[in-house]
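Asks: Questions regarding the structure given below will be posed in turn.
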Amino acid sequence: MRMIDIALEYGFDHEQSYIRAFKKKFRYTPLKVRTDQTSIEVKEKININDVLSVDNSITYKPFYIFKQKFNIIGKKYKILSRSGDNTANTHGRDFFYNCRDKICNAVNPEVYFGYTDWGGYYDGYINYIPSLQVPDLKYIPEGMTGIHIPPHKYVVFRFVGFFRPDDIKGRQVGRLLVHLYRKWFINSSFKSADTFRFEYIDTRLANDNYCELDIYQPIREL
């Protein structure tokens, strides 16, 4: 849509009024968000049921992000979708330590994306792709796969562990996913907007006794 059409649809009399209001709220102009790979945090009404702490070591804290389209490159594995299974974690560690250097144009080689896609499978299997973000898909190393991810609004659940990222277990991630799909969606006004989700780990934030893992789930309103 044109900027003027968006402005009028949401009650602004002039395009510039809309642009000024948007920049004041999100710190960026609508054009920058549209043309750059810029993410903006979206404030939603807080639901106390969305915040959960377990054993003083794991915290689920949902927030909302609008993320523009972006690209990832990684190694694709077909694995069994089973809560608590460590197969995805094993593939992720192998990729991060042994394969990521083959991606020569990574946006940030220290930021890990664990992409999960269950579209097209009806037998309990999923595609899991440990990966890095790249500016484009022109150079895909042999044996790897490139994925273009469209723009979406996401609910993001943060897992905080008081140990190294290498020590994250499938059981812990599975517990977070159970909370997301069996509790959060039921009590929210959203539904899943696509057949994928991804894990995000910025390893620069980690040390021997701390790590953060964010799970991004595309959503849309019911």
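No value in this document is a laboratory result; all are computed from the given coordinates. The shown structure was predicted, so the numbers you read here are calculated from the model rather than taken from an experiment. Backbone-built Cβ (ideal geometry, glycine too); neighbour counts: all protein chains shown.
Asks: Under 5 Å between amide hydrogens, which residues at least 5 positions from LYS76 or on another chain qualify, with H placed 1.01 Å from N in the peptide plane?
Replies: THR145
Asks: Another question, then. Which entries in the list LYS78/LYS102; LYS43/LYS138; LYS138/LYS191; LYS78/LYS153; LYS43/LYS75; LYS67/LYS183 go over 28 Å, if you measure between the two C-alpha atoms of each? Walk me through the intermediate numbers first.
Replies: Numbers: LYS78/LYS102 21 Å; LYS43/LYS138 35 Å; LYS138/LYS191 33 Å; LYS78/LYS153 26 Å; LYS43/LYS75 34 Å; LYS67/LYS183 24 Å.
Going by Cα-Cα distance, LYS43/LYS138; LYS138/LYS191; LYS43/LYS75 fall outside the 28 Å limit.
Asks: Then there is this: Can you list the residues, at least 5 places off or on another chain, whose amide H is less than 5 Å from the amide H of VAL107, using H built in the peptide plane?
Replies: Residues meeting the amide H criterion: GLN133, VAL134.
Asks: Can I ask one more? Under a cut-off of 16 Å between alpha-carbon atoms, report the aspartates and glutamates in cross-link reach of LYS169, not counting same-chain residues fewer than 8 places apart.
Replies: Hits, sequence-local ones excluded: ASP55, ASP85, ASP94, GLU199, ASP208, GLU212, ASP214.
Asks: Sticking with this one: With θ set to phi - 60°, apply the Karplus curve 6.51 cos²θ - 1.76 cosθ + 1.60 along the stretch 210-222 and write out the HN-Hα couplings as whole Hz, x wherever there is a Gly or Pro.
Replies: Rounded to whole hertz, the list is 7, 7, 10, 10, 9, 10, 9, 10, x, 9, 8, 6, 5.
Asks: With an 8 Å Cα cut-off and a minimum separation of 6 or more residues, compute the relative contact order for the stretch 48-221 in percent.
Replies: Over the stretch 48-221, the number comes to 31 percent.
Asks: On to the next question. Can you give the percent of C-alpha pairs in the chain whose distance is more than 31 Å?
Replies: For the chain, the fraction of Cα-Cα distances above 31 Å is 25 percent.
Asks: Now for a different question. What is the sum of charges, Lys and Arg at +1 and Asp and Glu at -1, for the other residues whose Cβ falls under 12 Å from the Cβ of PRO130? Don't skip to the end; give the middle numbers.
Replies: Working: positive: LYS75, LYS76, ARG93, ARG100; negative: ASP94, GLU199.
Once positives and negatives cancel, what remains is +2.
Asks: May I ask you to list the trypsin sites (Lys or Arg not before Pro) in the stretch 57-152 that are in a DSSP loop and have at most 11 other Cβ atoms within 10 Å of their Cβ?
Replies: Details: sites: LYS67, LYS69, LYS75, LYS76, LYS78, ARG82, ARG93, ARG100, LYS102, LYS138; in loops: LYS69, LYS75, LYS76, ARG82, LYS138.
Qualifying residues, ordered by number: LYS69, LYS138.
Asks: Can you give the net charge of the other residues whose Cβ lies under 15 Å from the Cβ of TYR115, counting K and R as +1 and D and E as -1?
Replies: +3
Asks: Another question about this same structure. If amide hydrogens are placed 1.01 Å from N in the peptide plane, which non-local residues have theirs closer than 5 Å to the one on PHE163?
Replies: Excluding prolines and chain starts, which carry no amide H, the hits are TYR210, CYS211.
Asks: Would you kindly derive the ³J(HN,Hα) couplings of the stretch 137-142 from the backbone phi angles with the Karplus curve 6.51 cos²θ - 1.76 cosθ + 1.60 (θ = phi - 60°), listing them in order in whole Hz, with x for Gly and Pro?
Replies: Whole-Hz 3J(HN,Hα) from phi for the stretch 137-142: 10, 6, 10, 10, x, 4.
Asks: Let me ask something additional. Can you list the HN-Hα couplings for the stretch 195-207, worked out from phi with the Karplus curve (6.51, -1.76, 1.60; θ = phi - 60°), rounded to whole Hz and with x for Gly and Pro?
Replies: Listing the rounded values in order: 9, 9, 8, 8, 8, 10, 10, 8, 5, 5, 8, 9, 8 Hz.
Asks: To make sure I understand, if each residue's beta carbon is the centre and we count other beta carbons within 10 Å, what order do TRP118, TRP184 fall in, fewest to most?
Replies: Ascending number of Cβ neighbours within 10 Å: TRP118, TRP184.
Asks: Still on this model: Mind sorting CYS104, CYS211, CYS99 by how few other Cβ atoms lie within 10 Å of their own Cβ, fewest first?
Replies: Ascending Cβ contact count within 10 Å gives the list CYS104, CYS99, CYS211.
Asks: Using Cβ counts within 10 Å as a stand-in for footprinting exposure, how do TYR10, TYR115, TYR181 rank, fewest first?
Replies: Taking fewest neighbouring Cβ atoms as first place, the list is TYR10, TYR181, TYR115.
Asks: For every other residue with a beta carbon closer than 15 angstrom to the beta carbon of ASP13, add +1 if it is Lys or Arg and -1 if Asp or Glu, then tell me the sum.
Replies: Here the count lands on -2.
Asks: Now for a separate question. Return the aspartates and glutamates within reach of LYS32: Cα separation strictly under 16 angstrom, same-chain partners fewer than 8 residues apart disregarded; answer none if there are no such residues.
Replies: LYS32 reaches GLU15, GLU41.
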